[in-house]
1. Given the C-alpha atoms of region 95-169, compute the convex hull and give its volume per residue in Å³.
2. Using the structure shown, list the pairs from Lys37/Lys214; Lys37/Lys197; Lys34/Lys177 with a Cα-Cα distance above 32 Å, or answer none.
3. Output wanted: per-residue J couplings in Hz (rounded whole) for region 2-17, from phi through Karplus 6.51 cos²θ - 1.76 cosθ + 1.60, θ = phi - 60°, x for Gly and Pro.
4. Under a point-charge model restricted to the Cβ atoms of Lys and Arg (+1) and Asp and Glu (-1), what is the dipole moment magnitude of region 1-100 relative to its Cα centre, in debye to the nearest 20?
5. Round to a whole angstrom and tell me the spacing of the C-alpha centers of region 1-66 and region 161-178.
6. Considering every pair of different Cα atoms, what Kirkwood radius, in Å, is found for region 166-229?
7. Report, in debye and to the nearest 20, how large the dipole of region 9-228 comes out about its Cα centre when Lys and Arg carry +1 and Asp and Glu carry -1 on their Cβ.
8. Order of Asp8, Asp38 from fewest to most other C-beta atoms within 10 Å?
Amino acid sequence: MIPGFWLDGSSWSAVTPPLEQAGHRVRALTLPGKESKDADRSGIGLRDHVDFVVAAIDEAEEPVVLVGHSGGGSIAQMAGDARPDKVARVVYVDSAPMPEGSVINDEIPIVDHELPLPDWGFFEDEDLVDLTDELREQFRARAVPEPVGVGYDRSSFTSERRRDVPSTVICCEFPSKLIGEWIEQGAPFVREIAQMKHIEYVDLPTGHWPQFTKPTELGQILLEAVGRA
């Protein structure tokens, strides 16, 4: 399980119980530079996060399911590209496969050589659905700045086989129907999704952080996705 921006492995804690109760072994990763607010993030780039996930895949005795939230979905995609034989499924939580050469988010303001959680006004209204004042306060208290390179570095892939890896896209902010319309319109940002050979969509209407706003529902969807893998 790969957290999105500003979050560590503990951000999945309310989501994992259904998986663990079903007998699955869950490993929620804390990516390099996100161990604490005071961790050294200098020099860490997107490839460092991808390599960290690849190392976790290599440590597993059996094929794994990668679950990536937000920017963590892009990291999961690149890790699946590196190890297509050892990834049984990639689950994108309010995320999606991105085209080669794109960035996760280079619009986040750089402050003191890192990317801290911006003010809530930075986000779209769709991001913040169901994120109550209490949840926002909890989120900000736990938020860890992101290394600049993770947001700004461009993606790169090694094999067309990445498109063979089965994928599940959990649609929160925007319904799956809208993704289908974007594909039909030939929108460039869904070019990679359109070329995936085994992809399914699951709608979970809420904001960008379902692990906080709808953790029980997200856990059940993940359990079903893992079962199909």
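Just so it is clear, none of the values below were taken in a lab; they were calculated from the coordinates. All values reported here derive from a predicted model rather than from experimental measurement. Glycine also receives a Cβ, built like all others from the backbone with ideal geometry; neighbour counts cover every protein chain displayed.
1. Roughly 129 Å³ of hull volume per residue.
2. Lys37/Lys197; Lys34/Lys177, as the Cα separations exceed 32 Å there.
3. Values, residue by residue: 10, x, x, 4, 6, 10, 10, x, 5, 5, 8, 4, 7, 9, 6, x Hz.
4. For this selection, approximately 200 debye.
5. Result: 20 Å between the Cα centres.
6. Kirkwood hydrodynamic radius for region 166-229: 12.6 Å.
7. With Lys and Arg at +1 and Asp and Glu at -1, about 680 debye.
8. Neighbour counts put them in this order, fewest first: Asp38, Asp8.
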